[in-house]
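Since the structure comes first, as structure tokens, the remarks are kept for the end.
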Amino acid sequence: MRPFILACSLVLGLHSVILVPEAAAQDELVRLEGDGRLGPEADDNRGVSSAYGYEGTPYSVVPKMIELAGVNENDVAYEPGCGDARIVIAAVQAGARRGFGVDIDPDLAEVCYARVKAAGLEDRIEIYWGNALELDMSEVTTVFLFMGNSFNMVMRPILWEQLPVGARVVSNDFHMRDWEPDKTVRVDTPDHTYVLYLWTITAELKEKSK
């Protein structure tokens, strides 16, 4: 069997986890700049998730995630599998001083960058094409997830290890098993009731990750 990686993406209407052959994956993070177009090295990786169609976190749910995270002017926000960057843009517009977004699908990464530019935030938000597990989160203070339970469990020890004490993690609809949330909020929409989870990184969790 060929080795696989976890691809941060969107599938069947929800952020999810796609198993992508390692040869087709992009582990090294490539920052989008200038006109926001990735070069020919991205062509073999296009359509990883957008071919399935996708729907990001509903716009009515995004403010609730920002509120639950308690975003403030000292925050650095990160949205793995950023789709169209709606959450990281909202976080920066709510006061976060910087933001990061990563998507494994180059088409979606380009969409993210275009939306960041349209919002006039390219000096405060960095968008990358690649594997979201590769981003250094040592300066990140808020992480927004809508990626599936499997991805959350892969991400959990990395969050514990890399995030500073006091950082907050908000996940839409997907839990972290025995990592009990500090708070749970339900958000009703016409089609679905979303459950938002909030966790805080503590010194004990940092020690547990060692």
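For the reader, a short list of remarks on this structure follows.
- Heavy atoms of residue 207: accessible area, 1.4 Å probe, square angstrom to 10: 110
- Dipole-positive endmost among 93, 78, 197 within region 71-210 (Cβ charges, Cα centre): 197
- The gain in end-to-end length when the residue 123 to residue 177 segment is fully stretched comes to 15.8 nm, 0.36 nm per residue minus the alpha carbon separation.
- At R0 = 35 Å, FRET efficiency that the Cβ-Cβ distance of residue 72 and residue 41 yields, to 0.05: 0.40
- Cα centroid separation, region 60-107 to region 179-206 (Å): 16
- Tail fraction, Cα-Cα pairs, region 78-167, threshold 21 Å, whole percent: 25
- For region 70-184, the relative contact order works out to 25 percent when only alpha carbon pairs closer than 8 Å and six or more residues apart are counted.
- Within region 57-153: Cβ-based charge dipole about Cα centre, in debye rounded to nearest 20 (Lys, Arg +1; Asp, Glu -1): 320
The values are calculated or read from the model by the stated rules, or taken from the named source; none is laboratory data. If you're wondering where the values come from, they're calculated on a predicted model, not measured in any experiment. When we count neighbours, we look across all protein chains shown, and the Cβ atoms used for this are built from the backbone with ideal geometry, even at glycine. Surface accessibility is based on the protein's heavy atoms, side chains included, excluding ligands, DNA and RNA. Shrake-Rupley method; radii C 1.70, N 1.55, O 1.52, S 1.80 Å.
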